[in-house]
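Before any comments, here is the structure.
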């Protein structure tokens, strides 16, 4: 009986031990599906769980039932920084970078050479609320556009 107990404890310890588990990813809070409703405009954004230092995101803006724009994003993180590679509909791709590794509840990416925006950011307000924003210069004036998202079930109508 004692041998069976030792065997059982050994098996339980082995099941709980994951030597190759990936390190904690800093932007896990961004994972999932997010929605912004403004009048007849709906903006949906979805982020796959981070894995291997990478997240994949999509965004779709629909106004009065018609798609206005969409975007695919590759977000990479490392110990020294992060990059946000945007592929917007009807525009050239652009990469924005952060020279510090994302931690906590906010990440900001910059590309001073880009037309508009020059900055892209995300800030977690709480587990079900995120504010995304784009900002920069347009001509001679500064502009900032915020997108206050609420968490929704993925696949929600």
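Of the numbered conditions (1) out of contact with any helix residue (DSSP H, G or I) (no Cβ under 9 Å at 6 or more places or on another chain); (2) surrounded by 11 or more Cβ atoms within 10 Å (Cβ to Cβ); (3) at pLDDT 95 or above, residue 81 satisfies every one except a single condition; which is it?
Of the numbered conditions (1) out of contact with any helix residue (DSSP H, G or I) (no Cβ under 9 Å at 6 or more places or on another chain); (2) surrounded by 11 or more Cβ atoms within 10 Å (Cβ to Cβ); (3) at pLDDT 95 or above, the odd one out for residue 81 is (3).
Counting just the residues of segment 58-78 that are exposed (fewer than 14 other Cβ atoms within 10 Å of the Cβ) and on the phi < 0 side of the Ramachandran plot, which one comes out nearest to the chain's Cα centre (by Cα)?
Once the filter is applied, the top-ranked residue is 78.
I'd like the full set of residues that are part of a strand (DSSP E or B) and under 27 Å from residue 83 (Cα atoms), limited to segment 29-50.
Across segment 29-50, the qualifying residues are 32, 33, 34, 35, 36, 42, 43, 44, 45, 46, 47.
The values are calculated or read from the model by the stated rules, or taken from the named source; none is laboratory data. Given the structure is predicted, the values throughout are model-derived calculations rather than measurements. Ideal geometry is used to build each Cβ from the backbone, glycine not excepted, and the neighbour counts take in all protein chains shown.
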